[in-house]
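S.K.: Sharing a structure, written as C-alpha cells. Questions coming.
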Amino acid sequence: MLCFKNLVITQTIEEDGYWSEKSQKRIKYKKPKVTTKVIHAEEYIGDLSDLYDTIKFFTEKHGIYRPLDVKVEPYIEF
C-alpha cells in the first residue's frame with residue numbers, strides 16, 4: 001500500500017510595500033519582504049485520500065489567493 005510521511009505545508013507571503021497613514025500613499029520597499037510560515041506539519045499520513053483531504057482543507061483555509069508549498073515523502077508499506 002502506498003503511504004505518505006513527513007508532510008509539510010508552507011505558505012510564502014511576499015510584501016512589496018505598505019500603506020502610510022501619514023502621507024496617505026503606498027510606499028514600496030527596496031526589496032520585497034518575503035515571509036515563509038509552516039502551516040501544517042505531520043509525521044504520518046495514511047493513504048492518498050487522507051493526503052488529498054489534508055491538502056484540500058488547508059488550500060481552502062489559507063491558499064485562496066496565495067499558493068501553498070507541499071512537501072511529502074511517499075513510501076510503500078506491506
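Any read-out appearing in this document is the output of simple, stated calculations on the displayed coordinates, not a laboratory observation. Treat the numbers as computed from the prediction; the structure is a model and nothing was measured. Cβ sites come from the backbone with ideal geometry, for glycine too, and all protein chains shown count toward neighbours.
S.K.: Using beta carbons and a limit of 8 Å, which pairs, at least six apart or on different chains, have the first residue in region 44-71 and closer than 21 Å to residue 12 by Cα and the second one of a type in the set (Ser, Thr, Tyr)?
M.R.: 66/12; 67/12; 68/10; 68/59; 69/10; 69/12; 71/10
S.K.: Looking only at region 1-46, which residues are of a type in the set (A, V, I, L, M, F, W, C) and more than 25 Å from residue 69 (Cβ to Cβ)?
M.R.: Listed by number, the residues that qualify are 1, 19, 27.
S.K.: Only one of 42, 14, 21 is more than 11 Å from residue 72 (Cβ to Cβ) and either within 21 Å of the chain's Cα centre (by Cα) or hydrophobic (A, V, I, L, M, F, W, C) (or both); which?
M.R.: Details: 42 fails: more than 11 Å from residue 72 (Cβ to Cβ); 21 fails: either within 21 Å of the chain's Cα centre (by Cα) or hydrophobic (A, V, I, L, M, F, W, C) (or both).
Criteria check complete, one pass: 14.
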